[in-house]
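Colleague: Here it is, the structure, as structure tokens.
The values are calculated or read from the model by the stated rules, or taken from the named source; none is laboratory data. Because the structure is a prediction, the values reported are computed rather than measured. Backbone-built Cβ (ideal geometry, glycine too); neighbour counts: all protein chains shown.
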């Protein structure tokens, strides 16, 4: 047994160095292969890092080039902005110079308009051809009848078959027949009217195929300018009378009722019943008013009235468009400022109107206007009498408009804003 153990041990001792040498050999081979693999990996990684470095360098170079390009473009843009700023400053200077020039030209045009109006006045005063005016206006002048007798006159207003006349001519007619200047007959209906303005618009049953009258600017009418009235007084057709403008912006009562009418031109061309509603023409044949009234015999002579054309136009256009004319209303009763009133109040002039009453639900009360206030201006326009105040309202303001009223209350001067109402 001992000998066998010894033999086994000897065999193991002989085998151990060989096994160790073999293991060491194989281990060295594995270490060599690992070193080769590691070297290969290092070479591969080095190559990759080199490629990445090359890409980064290329990207840096490309980015630098692009930044240089953007810098150049930005510099160019800045130069353009500087150039545009200089151009803008130059343009602003040019615009300012143009505005100055426009204001200068506007002033010159205004001056020319005023001079032209003055020249027209001088020409119409110096050369007044009543026959030429008659030829121009009479074809569009019509007669208003009840089918039997002439009640009044009127004129063709537009190419749509509308006729304008005085409201009091047609207010009681149940049947209206219009006779044109060439004798043709047309049935007519009332399109609409403004009783406080004494203006009515009729619509003919057919197309008269006649040129309408030309409306003039009644605000340019001056005292002394020649005018002609054309109509059918006392059923005498196609009659012309001539005279001059006596005054403008009248406000008076005429007719059987308490019918106060503003925006009136006063003239002295003789007119009679039948003329009402007919045209009043200026020296160039433009219609500047509708004949509406005369001072009756026994009360006076040579005093006749026509509703100014600017008021007529406002009423007619509103009536044709909407069927009615919303009359501007201040909500006060006014009277002339008498010499006694002016003296008792310590005033140096009778210009202005006295507020004799204020409507309890009117716009004047809301604005703070009181009884006994003296209205001296509206919207900066001086008010000398009741005619000027009512005429300004009728021709320039509409319900809903705001107007600044200047007034005296004792020794205090006030400016109150009124929202115009509708009468």
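Yes/no matrix, rows are residues, columns are (1) modelled with pLDDT of 95 or more; (2) touching a helix residue (DSSP H, G or I) at 6+ places or on another chain (Cβ under 8 Å); (3) assigned to a helix (DSSP H, G or I):
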site: 340; (1), (2), (3): no, no, yes
site: 348; (1), (2), (3): no, yes, no
site: 366; (1), (2), (3): yes, no, yes
site: 370; (1), (2), (3): yes, no, no
site: 394; (1), (2), (3): no, yes, yes
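Colleague: What do you reckon, is residue 271 surrounded by 24 or more Cβ atoms within 10 Å (Cβ to Cβ), assigned by TED's automatic domain parsing to the domain that holds residue 236, under 30 Å from residue 423 (Cα atoms) and touching a strand residue (DSSP E or B) at 6+ places or on another chain (Cβ under 8 Å)?
Modeller: Numbers: surrounded by 24 or more Cβ atoms within 10 Å (Cβ to Cβ): yes; assigned by TED's automatic domain parsing to the domain that holds residue 236: yes; under 30 Å from residue 423 (Cα atoms): no; touching a strand residue (DSSP E or B) at 6+ places or on another chain (Cβ under 8 Å): yes.
Against the criterion (surrounded by 24 or more Cβ atoms within 10 Å (Cβ to Cβ), assigned by TED's automatic domain parsing to the domain that holds residue 236, under 30 Å from residue 423 (Cα atoms) and touching a strand residue (DSSP E or B) at 6+ places or on another chain (Cβ under 8 Å)), residue 271 does not qualify.
Colleague: Sticking with this one: All but one of (1) at pLDDT 95 or above; (2) touching a helix residue (DSSP H, G or I) at 6+ places or on another chain (Cβ under 9 Å); (3) over 23 Å from residue 327 (Cβ atoms) hold for residue 272; state the number of the condition that does not hold.
Modeller: (1)
Colleague: So which of 225, 266, 299, 247 is in contact with a strand residue (DSSP E or B) (Cβ under 7 Å, 6 or more places away or on another chain) and either surrounded by fewer than 16 Cβ atoms within 10 Å (Cβ to Cβ) or assigned by TED's automatic domain parsing to the domain that holds residue 389 (or both)? Steps first, answer last, please.
Modeller: On the way: 225 fails: either surrounded by fewer than 16 Cβ atoms within 10 Å (Cβ to Cβ) or assigned by TED's automatic domain parsing to the domain that holds residue 389 (or both); 266 fails: either surrounded by fewer than 16 Cβ atoms within 10 Å (Cβ to Cβ) or assigned by TED's automatic domain parsing to the domain that holds residue 389 (or both); 299 fails: in contact with a strand residue (DSSP E or B) (Cβ under 7 Å, 6 or more places away or on another chain).
Result: 247 is the single residue among 225, 266, 299, 247 that is in contact with a strand residue (DSSP E or B) (Cβ under 7 Å, 6 or more places away or on another chain) and either surrounded by fewer than 16 Cβ atoms within 10 Å (Cβ to Cβ) or assigned by TED's automatic domain parsing to the domain that holds residue 389 (or both).
Colleague: Inside segment 232-303, counting only strands (runs of 3 or more DSSP E) that do not spill past its ends, which hold 1 or more residues that are over 22 Å from residue 384 (Cα atoms)?
Modeller: Details: elements: 239-253, 260-267, 279-281, 287-294.
In segment 232-303, the matching strands (runs of 3 or more DSSP E) lie at 239-253, 279-281, 287-294.
Colleague: I've got another one for you. Quick check, is residue 279 in contact (Cβ under 8 Å) with a residue 24 or more places away in the chain, crowded, with 24+ Cβ neighbours inside 10 Å, touching a strand residue (DSSP E or B) at 6+ places or on another chain (Cβ under 9 Å) and not assigned by TED's automatic domain parsing to the domain that holds residue 335? So that I can check it myself, show each step before the final result.
Modeller: Numbers: in contact (Cβ under 8 Å) with a residue 24 or more places away in the chain: yes; crowded, with 24+ Cβ neighbours inside 10 Å: yes; touching a strand residue (DSSP E or B) at 6+ places or on another chain (Cβ under 9 Å): yes; not assigned by TED's automatic domain parsing to the domain that holds residue 335: yes.
It is true that residue 279 is in contact (Cβ under 8 Å) with a residue 24 or more places away in the chain, crowded, with 24+ Cβ neighbours inside 10 Å, touching a strand residue (DSSP E or B) at 6+ places or on another chain (Cβ under 9 Å) and not assigned by TED's automatic domain parsing to the domain that holds residue 335.
Colleague: May I pose another question? In segment 129-170, what residues are part of a loop (DSSP other than H, G, I, E, B), in contact with a helix residue (DSSP H, G or I) (Cβ under 7 Å, 6 or more places away or on another chain) and under 17 Å from residue 182 (Cα atoms)? Explain how you work it out, then say what you get.
Modeller: Taking segment 129-170 as the starting set, the residues that turn out to be part of a loop (DSSP other than H, G, I, E, B) are 129, 146-149, 157-161, 166.
Checking the rest, the ones that are also in contact with a helix residue (DSSP H, G or I) (Cβ under 7 Å, 6 or more places away or on another chain) come to 149, 157.
Within segment 129-170, just 157 meets the criteria.
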